[in-house]
Structures are given as C-alpha cells and as structure tokens.
C-alpha cells in the first residue's frame, strides 16, 4: 500500500488523492449510517480492520468505498495516512460490512495509535464514525491530531476488563490501548499457577511498540521484598516508554502497604534517569465504593467500570505530561 502524509480532515475527497467512486445503481442511497461494530487490530507492521454500519433502507449490493488507515507520529504529533485504497463494501440486510488488511510502514514515526476511516462520499455519507484500535469509535471531526498509545499491564484485578463487557473500550476511548492482563501475575518473581509471564518478562518480550505510556496495575500476588520497581522501570525505558502510570494497591494486607511504600519512594526519587513515575492512587479513588467482592480487592461489574474510568483518566494525564515535555 502507498504511504502518504495527508492529515485527517485534509481536502481532496477520497484518501490518498483517489477520485470519488460511483455507487452501484442497484444500491439505494443510505441514510444516517450507524456503527454497529468495529475491530481494528495491529501486529507489527500489519493491521486488519472490520467495521459494520447499519444503514436503513439499503438494498443488497456492493459499493466501492475509499478508505484509509491513519496513525500518529511521535515526531510531528499529527495523524498521517499509512495505507489507503478502494474496497468493495458488501451491503446485506441493511448492514455495510467493510474489511481490509494493510501493511504499514515500520519505524518510530508509525508507532502511534492506529485508526481506520472509511469514506462513504460516493454514497452521500462521508461523515461516518472512525474506529480506533482498542477504543470506542469517534466522529472524524473529533479525532485528535495524535492518538496516544499505551500498554496496560495487569494481574487478576486488571483482568476484570476481560469479563466485564465494554470496559476495555471504556478505558481506551479516544486512545490506542494494548492490554496485557494475566491472572496470578507478579512483577518480577515466578508466578502462581497458571504461570503467566511476569511484568518484567512481558516488557522485554512483547513485540512492537509499547507506546509512550505504560500502566502497571500489579502487586496483589507479590511480596514487598521482591517488588523491584527500578528494575521494571529500566526495562520500560529501554523499550522507549516516556511515562509510567503506576497504580497503588488497596491496603488489605501488610504486603500491599509495603509495595505502596516502594512505589511512592521510587516516584519521589524521580523514577529512573529519563523516565518518571505518575502515582495513580487506586486506594483513594476506590475508598468507600461498593465495587469489591468479599476480599475487598477483586472487582464486581460496577468496580470494573470504576477501574476503566480511573485508568482512562490516568492515561490521559500521562499523555498530557508527555506532550508538555516533548522535545522541541
């Protein structure tokens, strides 16, 4: 696929300068498309997209539709086109289903959040929702100039996002978030069964970019004596992370209090050279809430949504810090 630098919202009709395409005359002009579902995935230099729109009154047929995938640039802090083309969009029972696979350019200037924007200009509907990797869809006009990218590391508390529908998307709205959530995970030490990788191991081995922001929400299976914040921070720095959000634990046992002391002490020292810590006080944010099971640690459905909102707020705070401290 051709790689261009046309920013989102730039004039010129179809993406990449492609001419507008004509609709199949057998397909009725749709009205008010509504996004039914969106899946945007990325693996290394490849991305795949499946989006579905409900368009009432549309007949069965095929509509050639221009599309483009956009990504943030760490250098320019703007969105640029990384792939584009024209694909047939199949209409069946009032639903437009669009699927595409694209190869994207490698390099740090293609490591921001990825979104896809089908352009339905040819059928009279250009302003459809834009689907971003990991987050809820947003209108094209509301798409920010840079889609921040983050990686969230969690244990069984964070893994609440795996069983409370919508919480992953809720935590990632307007962002591009990659999740690495593992039950029985520990920060560095060997895990309890079923034996997931430690945070340190995942930081070192996960392919692709971790983004500008990393979130650590791990510690309930750990001991204070083995909770080595500095070691993980050095590994994150080596992966190019610019800011670390470190969530405190609810202090239901002495080990949790010791771990919180270690987190706050590391933050007071400034993290490690070139990488600071933003302490996210989950204990304070969740105090007095009916979000927990009997152990006052693991979450119910309401707690899952509370954690999603808290995570999103803390990531956005970290993103603002990165923007304010970026190189001129």
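The values are calculated or read from the model by the stated rules, or taken from the named source; none is laboratory data. These figures come from a predicted structure and were not determined experimentally. Cβ placement follows ideal geometry from the backbone for every residue including glycine, while neighbour counts extend to all protein chains displayed.
Overview of values
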{"read-out": "Pairs where the first residue, in segment 206-219, is under 25 Å from residue 297 (Cα atoms) and the second is in a loop (DSSP other than H, G, I, E, B) and modelled with pLDDT of 85 or more, C-beta under 6 Å, 6+ apart", "value": "214/241; 218/155; 218/185; 218/187; 219/249"}
{"read-out": "Test set (1) modelled with pLDDT under 95; (2) out of contact with any strand residue (DSSP E or B) (no Cβ under 6 Å at 6 or more places or on another chain) - residue 180 fails condition number", "value": "(2)"}
{"read-out": "Test for residue 290: is it in a loop (DSSP other than H, G, I, E, B), at pLDDT 95 or above and under 25 Å from residue 176 (Cα atoms)", "value": "no"}
{"read-out": "Selection count where residues are assigned to a helix (DSSP H, G or I) and without any contact (Cβ under 8 Å) to a residue 60 or more places away in the chain, scope segment 293-309", "value": "2"}
{"read-out": "Meets criteria (assigned by TED's automatic domain parsing to the domain that holds residue 266, at pLDDT below 95, out of contact with any strand residue (DSSP E or B) (no Cβ under 6 Å at 6 or more places or on another chain) and on the phi > 0 side of the Ramachandran plot) for residue 240", "value": "yes"}
{"read-out": "Selection within segment 217-237 - under 22 Å from residue 193 (Cβ atoms) and either in contact with a strand residue (DSSP E or B) (Cβ under 8 Å, 6 or more places away or on another chain) or loosely packed, with under 15 Cβ neighbours inside 10 Å (or both)", "value": "217, 218, 223, 225, 226"}
{"read-out": "Of the criteria (1) under 21 Å from residue 156 (Cα atoms); (2) in contact (Cβ under 8 Å) with a residue 60 or more places away in the chain, which one residue 242 fails", "value": "(1)"}
{"read-out": "Qualifying residue in segment 165-175 (condition: assigned to a helix (DSSP H, G or I), surrounded by fewer than 19 Cβ atoms within 10 Å (Cβ to Cβ) and in contact (Cβ under 8 Å) with a residue 24 or more places away in the chain)", "value": "yes"}
{"read-out": "Unique match (being within 21 Å of residue 221 (Cβ to Cβ), at pLDDT 95 or above and surrounded by fewer than 16 Cβ atoms within 10 Å (Cβ to Cβ)) among 258, 296", "value": "296"}
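For every residue, the table says whether it meets (1) surrounded by 17 or more Cβ atoms within 10 Å (Cβ to Cβ); (2) at pLDDT 85 or above; (3) in the same structural domain as residue 228 (by TED's automatic domain parsing).
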{"site": "102", "(1), (2), (3)": "yes, no, no"}
{"site": "107", "(1), (2), (3)": "no, no, no"}
{"site": "129", "(1), (2), (3)": "yes, no, no"}
{"site": "154", "(1), (2), (3)": "yes, yes, yes"}
{"site": "159", "(1), (2), (3)": "yes, yes, yes"}
{"site": "199", "(1), (2), (3)": "yes, yes, yes"}
{"site": "205", "(1), (2), (3)": "no, yes, yes"}
